[in-house]
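Peer 1: Dropping the structure in here first, questions after.
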């Protein structure tokens with residue numbers, strides 16, 4: 001596509017629109033006001049105001065979980081950024097893609113104790129350092145000419161591999177500037193289909209399931225995706241394989257399904273726990289994190305005496 005001259009805020013909205021984003025959650029603030037101006041009458045992206053920045057992060061998390069699309073939240077600099085931060089750890093743990101946008105003082109005010117500066121200079125809070133422990137990626141774009149690349153790079157990281165939140169800091173003097181912008185479809189800067197599959201391994205797993213007398217599917221939080229839960233239920237019902245979930249994946253399978261045993265783990269159902277411990281000879285886990293809650297504090301009897309097969313998007 002042809003390069004054109006547009007405001008940086010317009011380029012940001014165009015990138016998000018091409019990614020299929022239909023809602024942005026946040027509270028307006030100085031550095032990001034050009035973004036909100038662009039959204040005021042936008043035909044497809046709705047701005048949803050919240051009462052607290054932490055709620056914006058949680059709303060983006062829920063949006064991404066339900067739609068399977070990128071969740072976007074935004075906050076201003078200073079306390080806005082620190083408030084937004086508190087809502088992002090859940091997305092990191094649950095592998096949910098979020099783009100978190102926060103403001104910063106203008107680049108000409110760095111290291112000058114500007115109002116609500118958060119660059120880390122002279123004992124001001126350091127946004128990048130704070131977000132680094134909560135996001136897959138955090139960066140500050142100081143060069144308007146590279147702004148579109150920074151946005152796309154952040155989105156690519158949020159959606160690639162094991163998804164999670166990515167954070168981009170935008171100085172106050174950036175969004176209103178005019179830049180050279182080349183519109184790109186998502187397929188031109190990131191992989192849209194990363195579902196690589198080892199078919200020989202899948203065939204071996206299918207054979208083991210077919211040979212098992214009492215197989216069980218154990219679904220975990222990372223299986224709670226729009227394109228995964230229906231397939232889990234279809235597999236279970238077609239081959240009469242009982243399904244248990246952990247509490248974080250409770251709605252993945254229709255609870256009226258004849259194959260659903262209930263939840264397992266702390267606060268779970270004894271029916272599911274007893275079937276796993278006393279009857280199953282093979283457990284196929286899908287998106288299971290094997291955390292303390294879902295394993296009854298890592299009860300070794302859950303895995304003893306049976307085959308355990310793990311399917312997950314996370315190679316770690």
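The values are calculated or read from the model by the stated rules, or taken from the named source; none is laboratory data. What you see is a predicted model; the values in this text were computed from it and never measured. Every residue, glycine as well, gets a Cβ built from its backbone with ideal geometry; the counts of neighbours run over all protein chains shown.
Peer 1: Residue under question is residue 22, and the condition is that it be surrounded by fewer than 18 Cβ atoms within 10 Å (Cβ to Cβ) and either at pLDDT 95 or above or not assigned by TED's automatic domain parsing to the domain that holds residue 10 (or both); does it hold? Explain how you work it out, then say what you get.
Peer 2: On the way: surrounded by fewer than 18 Cβ atoms within 10 Å (Cβ to Cβ): yes; either at pLDDT 95 or above or not assigned by TED's automatic domain parsing to the domain that holds residue 10 (or both): yes.
So residue 22 fits the description; yes.
Peer 1: Take the conditions assigned by TED's automatic domain parsing to the domain that holds residue 224, without any contact (Cβ under 8 Å) to a residue 40 or more places away in the chain and surrounded by 13 or more Cβ atoms within 10 Å (Cβ to Cβ) and apply them to residue 262. Does it pass?
Peer 2: On the way: assigned by TED's automatic domain parsing to the domain that holds residue 224: yes; without any contact (Cβ under 8 Å) to a residue 40 or more places away in the chain: yes; surrounded by 13 or more Cβ atoms within 10 Å (Cβ to Cβ): yes.
It is true that residue 262 is assigned by TED's automatic domain parsing to the domain that holds residue 224, without any contact (Cβ under 8 Å) to a residue 40 or more places away in the chain and surrounded by 13 or more Cβ atoms within 10 Å (Cβ to Cβ).
Peer 1: Considering only the range 270-291, state which residues are under 17 Å from residue 248 (Cα atoms) and part of a loop (DSSP other than H, G, I, E, B).
Peer 2: 287, 288, 289, 290, 291, listed by residue number.
Peer 1: Mind listing just one residue for me: the one in the range 104-136 that is within 19 Å of the chain's Cα centre (by Cα) and surrounded by fewer than 16 Cβ atoms within 10 Å (Cβ to Cβ) and, of those, nearest to residue 182 (Cα to Cα)?
Peer 2: 132
Peer 1: Output yes when any residue across the range 158-170 is in a helix (DSSP H, G or I), closer than 21 Å to residue 84 by Cβ, within 20 Å of the chain's Cα centre (by Cα) and at pLDDT below 95, and no when none is.
Peer 2: Yes, that holds for at least one residue.
Peer 1: Next up: Select, from 64, 55, the only residue that is in contact with a strand residue (DSSP E or B) (Cβ under 6 Å, 6 or more places away or on another chain) and part of a helix (DSSP H, G or I).
Peer 2: It is 64.
Peer 1: Within the range 286-305, which residues are surrounded by 18 or more Cβ atoms within 10 Å (Cβ to Cβ) and touching a strand residue (DSSP E or B) at 6+ places or on another chain (Cβ under 9 Å)?
Peer 2: Result: 286, 287, 288, 294, 302.
Peer 1: Now for a separate question. Do we have any residue at all in the range 26-42 that's surrounded by 16 or more Cβ atoms within 10 Å (Cβ to Cβ), closer than 19 Å to residue 90 by Cα and out of contact with any strand residue (DSSP E or B) (no Cβ under 9 Å at 6 or more places or on another chain)?
Peer 2: no
Peer 1: Considering the range 85-103 alone, what residues qualify as being closer than 18 Å to residue 249 by Cα, surrounded by fewer than 24 Cβ atoms within 10 Å (Cβ to Cβ) and in contact with a helix residue (DSSP H, G or I) (Cβ under 7 Å, 6 or more places away or on another chain)?
Peer 2: In the first step, residues of the range 85-103 are kept if they are closer than 18 Å to residue 249 by Cα; the result is 89-97.
From what's left, surrounded by fewer than 24 Cβ atoms within 10 Å (Cβ to Cβ): 89-90, 92-95.
Correct list: 90, 94, 95.
Peer 1: Taking the range 2-46 on its own, how many of its residues are part of a strand (DSSP E or B) and under 20 Å from the mean Cα position of the chain (by Cα)?
Peer 2: Final tally of qualifying residues: 5.
Peer 1: Would you pick out the residues in the range 137-157 that are crowded, with 22+ Cβ neighbours inside 10 Å and either outside the structural domain of residue 65 (by TED's automatic domain parsing) or assigned to a loop (DSSP other than H, G, I, E, B) (or both)?
Peer 2: 141
Peer 1: So which residues in the range 199-231 are at pLDDT below 90 and in contact with a strand residue (DSSP E or B) (Cβ under 7 Å, 6 or more places away or on another chain), if there are any at all?
Peer 2: First pass over the range 199-231, keeping only residues at pLDDT below 90: 199-202, 220-231.
Residues satisfying the conditions are 220, 223.
Peer 1: Continuing with the same structure: Test residue 62 against the stated conditions and say whether it is closer than 22 Å to residue 15 by Cα, in contact with a helix residue (DSSP H, G or I) (Cβ under 7 Å, 6 or more places away or on another chain) and in the same structural domain as residue 16 (by TED's automatic domain parsing).
Peer 2: On the way: closer than 22 Å to residue 15 by Cα: yes; in contact with a helix residue (DSSP H, G or I) (Cβ under 7 Å, 6 or more places away or on another chain): no; in the same structural domain as residue 16 (by TED's automatic domain parsing): yes.
The answer is no for residue 62.
Peer 1: Additional query: Can you tell me which residue among 253, 283, 271 is surrounded by 20 or more Cβ atoms within 10 Å (Cβ to Cβ) and modelled with pLDDT of 90 or more? Talk me through it step by step, then tell me what you get.
Peer 2: Numbers: 253 fails: modelled with pLDDT of 90 or more; 271 fails: surrounded by 20 or more Cβ atoms within 10 Å (Cβ to Cβ).
Only one candidate qualifies: 283.
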